[in-house]
Amino acid sequence: MALRLIFLPVLIFCLRRGVRLPGGLASLIFPPMAIRKIARMGHPVLKGVAKPVPDPTAPQVKALVRDMIETMIDANGAGLAAPQIYEPWRIVVFQAPPERAPEEIGEEEAFDHTAPLTVLINPEIEMLTEEREKGWEGCLSVPGLRGAVPRYTALRYRGVSLAGEPIERVARGFHARVVQHECDHLDGILYPQRMDDLGELIFETEARAWAAAHRPETEDGTEEEKADA
């Protein structure tokens, strides 16, 4: 079992790049994984409160997490919660890669804007500030749409790893946003329910048109140009 945990990053690397492990190595290290169907908004599984996981180290939990990771990577998501693949358990997987971190952040805060691929079982969140900031979010369970969602800018989260070891981190920025988004799924909440202005819920295909229409104007009445982020 320890060998499987050691080789998990190798398998993720190969999945992302479409690389096949030689000589059936993947099947020796891991049982076959599956890309699961993702539940969409309206399905009852997304409205319920997920159940705590009694034994995070159980083989069934490891098999479920492997499916979650493969499904998330296949869908190009930043995170996935177990209820999104019809499993009502308090498990989330997420990643906050450095390339999505805000620009010009200080060295002191840089560490907690990003996170490696993380498996978090039975998570708990403690908000560290009352400050909230709007940011655009999408969701694999709400395909084709994006919305501007206010989220707390700093938090501490705790949980348990697949090895049964405690995890505790402080998160800010995009990292904190991803954690809040995924943990909301465990309580039956989708991001549109967190929005304070449904006029900012748009189709992804109309994002450029929406941005152009809401671009700030300069003092002389001309539109201010902004680089794509």
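None of the figures in this text is laboratory data; all of them are computed from the coordinates on show. What you are looking at is a predicted structure, and each value in this text was computed from that prediction instead of being measured. Positions of Cβ are generated from backbone atoms using ideal geometry, with glycine treated the same way; all protein chains shown enter the neighbour counts.
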Problem set entry | Packing-based ranking, highest mean first, of 60-71, 173-184 given that Cβ atoms within 10 Å are counted | 173-184, 60-71
Exercise. Residue by residue through region 128-144, which ³J(HN,Hα) values in whole Hz follow from phi under the Karplus form 6.51 cos²θ - 1.76 cosθ + 1.60 (θ = phi - 60°), with glycine and proline marked x?
Worked result: 9, 7, 8, 5, 10, 9, 7, x, 7, 10, x, 8, 5, 8, 10, x, x
Exercise. Tally Lys/Arg at +1 and Asp/Glu at -1 over every other residue whose Cβ is under 15 Å from the Cβ of TYR191; what's the total?
Worked result: -1
Exercise. For the pair ASP196 and GLU124, how long in nm is the line joining their label points, each one 7 Å along Cα→Cβ?
Worked result: 2.9 nm
Exercise. Taking the highest mean first, how do the peptides 88-95, 34-41 order by number of other beta carbon atoms within 10 angstrom per residue?
Worked result: 88-95, 34-41
